[in-house]
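Presented below is the structure to which this report refers.
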Amino acid sequence: MGDFTKLQVWILAKELAVEMYSLTASEKFSKDYDMRNQLRRAAVSVPSNIAEGEESGSNPQSIRFFNIAKGSLAELRTQCIIALEIGYLTIEDYTCIHDKAIKISSMLYKLILSRKTTKP
């Protein structure tokens, strides 16, 4: 366990959250507060849970928080699919978010495996 701000997975997840704030500031989201806020909450949850997991002090707790972060990524991906289908996101924006979410999820999976094989 160390400084979460040095974890590449946290850096990418934080960047994705910032990007989601930017995307949801567009006019398309201006009147759909629920969708905008749900996307933002899911996006912010990812780096937040990575940080909490890294600072938790034990591998079982870390793994728990990393799995929550993976769940939030799945939630974000689902909401982005809906946002795409209702015309709030362009295919380019959707593809960019999707690809980043898949990469972060893969990194989290590897981090979880690593923590499972490391003694507490």
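What's the center-to-center distance, using Cα atoms, between region 47-120 and region 21-46 in Å?
Each part reduced to its Cα centre gives a spacing of 17 Å.
Which lysines have a Cα less than 26 Å from the Cα of K116, not counting those fewer than 8 places away in the same chain?
Within the straight-line cut-off, K116 pairs with K6, K14, K70, K100, K103.
Write down the accessible area per residue of the chain in Å², having rolled a 1.4 Å probe over the full set of protein chains.
Details: 6630 Å² over 120 residues.
That works out to 55 Å² per residue.
Could you check how much of the accessible area of the chain is carbon and sulfur, as a whole percent, using a 1.4 Å probe? Display every interim value, and only then the final one.
Details: 3700 of 6630 Å².
Roughly 56 percent, rounded to a whole number.
Can you compute the modelled spin-label distance between D99 and L113, with each label point 7 Å from Cα toward Cβ, in nm?
Each label point is offset 7 Å from its Cα along the Cβ direction, giving 2.3 nm.
Spin-label point model (7 Å from Cα, Cβ direction): what's the D3 to Q61 distance in nm?
Between D3 and Q61, the simple spin-label model gives 2.1 nm.
Report the normalised scattering of the chain as log10 I(q)/I(0) at q = 0.13, 0.18, 0.20, 0.21 Å⁻¹, calculated by the Debye formula with identical scatterers on the alpha carbons.
Here the Debye-derived log intensity ratios amount to -0.49, -0.84, -0.98, -1.06.
Given a Förster distance of 22 angstrom, what is the FRET efficiency for S106 paired with Y21, based on the Cβ-Cβ distance and rounded to 0.05?
0.40
The values are calculated or read from the model by the stated rules, or taken from the named source; none is laboratory data. Keep in mind the model is a prediction, meaning the values are calculated, not measured. Positions of Cβ are generated from backbone atoms using ideal geometry, with glycine treated the same way; all protein chains shown enter the neighbour counts. Note: accessible area is taken over every heavy atom of the protein model, side chains too, but ligands, DNA and RNA are not part of it. Shrake-Rupley method; radii C 1.70, N 1.55, O 1.52, S 1.80 Å.
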